[in-house]
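These notes are about the structure you will find just below.
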Amino acid sequence: MGNGCTILGIESSCDETSAAVVVDGRDVRSNVVSSQVALHAKYGGVVPEIAARAHIERVCPIIEEALAQARVTYADLDAIAVTVGPGLVGSLLIGVTAAKVLALARDLPVVAVDHLEAHATSAALLAPKPPWPAVALVVSGGHTSVYLVHDFLEIELLGQTADDAAGEAFDKVAAILELGYPGGPVIDRVARDGNPEAIRFPRTWLDQPHLDFSFSGLKTAVLYHVYGSGHKYGTARHLSRSELADIAASFQAALIEPLVRKTIAAARQTRVGDVAVGGGVASNSALRAALQTACDEAGLTLHLTPTEYCGDNAAMVAALGQRHLNAAHTADLRLEPRGGLIRPERRRKRK
Ligand code: KG4
Ligand code: ZN
């Protein structure tokens, strides 16, 4: 080990148990992610009670594994960074409790990290230098938001979804098409053989100057396209492979267009030249390509989070935790998880 500051990150906000060792906020020595997808797949979504129990079983072995892969021991750690929210409160509680127990046992500071701020800043991981100020698009299973990241510790909300998150729309459309759970990666794959212009699904609020999104109408449009309006039940088995591919590609295009257009508009409105993207849906290949094209055309520099850090992971938590530690933002043993979907945000005033 060098003399750098070594932080253990812990992430347990949803259905991934993750621990990571990051040195000086940039150098990822390990990032162990244990997904619970197999446990939740048959229910078509995350079951909070099952997620919390799985975190209990996994958190200690995952932490040990992260330390072993990084070739460090508890004695080498300088701090522990943990996700405090937003997320499933029962899941968050396991990570927060593990962090507090370790902090007490090893006399280490604990740093509380906001899950969405970690996604918003994850593009800085592995980048030669932080891209701030930048507009950051966060697209995940629970959230879809655009931020102005002034700096790691000053993050301002510009717009967000009024209903479904982008990842949630992927998951629900995959359920409608009977493609399995989680829906994002499979739709990404199936859509590659489809025509994105085959069906014109609605793009909500494209002509509005505000930076909010809405995806529930798109999901309903896909449902009606597959079953016809008024039919609540049925199966998608009557669809051929090429019809499925066209629906997947057309849905994806309708979801991506507002994401890209609003992100570019946010950069124009705030007069920044850099765009960052994070969250599970940021690993979508069509979204990455569309953002690259749009940023090139608009003269903006795009900073895509490496795909391994798009989904929930503790490396992004440890990296942002380092910045909080530098600013002496440490918590004490009264730290509690912050559940729920939405965090209290400061919103830029609309003109
Ligand atoms: O950030 P994340 O791991 O967890 C939350 O904080 O929610 O995001 C999970 C979401 C899921 O909805 C999943 O379907 C979606 O990310 N996802 C994708 C892709 N990979 C994961 N969506 C579209 N394309 C992908 N390749
Ligand atoms: Zn997430």
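No lab work stands behind these numbers, since they all come straight from the coordinates. All figures in this text were calculated on a predicted structure; none of them were measured in a lab. Counting neighbours? That spans all protein chains shown, and the Cβs are built from the backbone with ideal geometry, glycine included.
Residue by residue through segment 181-195, which ³J(HN,Hα) values in whole Hz follow from phi under the Karplus form 6.51 cos²θ - 1.76 cosθ + 1.60 (θ = phi - 60°), with glycine and proline marked x?
10, x, x, x, x, 6, 5, 3, 6, 4, 5, 4, 9, x, 9
Please count, across segment 128-305, the pairs of lysine residues with Cα atoms under 27 Å apart that sit 8 or more places apart or on different chains.
Lysine pairs meeting the criterion: 6.
Taking 2.2 N^0.38 Å as the expected size of a compact globular protein, what ratio does the Cα radius of gyration of the chain give against it, to two decimals?
On the way: Rg = 20.3 Å, N = 351, 2.2 N^0.38 = 20.4 Å.
For the chain, the normalised Cα radius of gyration comes out at 0.99.
Just the C-alpha atoms of segment 282-324: what Rg/Rh do they give, with Rh taken as the Kirkwood radius? All intermediate terms of the calculation are to be shown ahead of the outcome.
Working: Rg = 13.0 Å, Rh = 11.8 Å.
With Rh from the inverse mean 1/r over Cα pairs, Rg/Rh is 1.10.
Determine the gain in length on full extension of the stretch D332-D193; use 0.36 nm per residue of separation and subtract their C-alpha separation, reporting nm with one decimal.
The span from D332 to D193 would gain 44.8 nm if fully extended.
Any idea what the dipole of segment 128-305 comes to, in debye rounded to 20, about its Cα centre with Lys/Arg Cβ at +1 and Asp/Glu Cβ at -1?
Numbers: 15 positive and 19 negative charges, 58 e Å.
Here the size comes out at about 280 debye.
Only loop residues by DSSP count here, and only those with at most 11 other Cβ atoms within 10 Å; note down the trypsin sites (Lys or Arg not before Pro) in segment 179-217 that meet that.
Answer by residue number: R200.
Show that you can apply the helix-only estimate: for the chain, add -39,500 (n - 2.57) for every DSSP H stretch of four or more residues, divide by all residues, and state [θ] at 222 nm to the nearest 500.
Theoretical 222 nm ellipticity from helices: -13000 deg cm²/dmol.
Classify segment 128-305 as rounded, prolate or oblate, taking a ≥ b ≥ c as the square roots of the eigenvalues of its Cα gyration tensor: rounded when a/c is under 1.5, otherwise prolate if a/b is larger than b/c and oblate if not.
Because a/c hits 1.5 or more and a/b exceeds b/c, segment 128-305 counts as prolate.
Straight-line reach from K42: which aspartates and glutamates fall under 15 Å, measuring Cα to Cα and dropping same-chain residues less than 8 apart?
Output for K42: D15, D171, E178.
Whole-Hz ³J(HN,Hα) for each residue in segment 271-282, computed from phi via Karplus 6.51 cos²θ - 1.76 cosθ + 1.60 with θ = phi - 60°, x for glycine and proline: what do you get?
Listing the rounded values in order: 6, 10, x, 10, 10, 10, 9, x, x, x, 6, 5 Hz.
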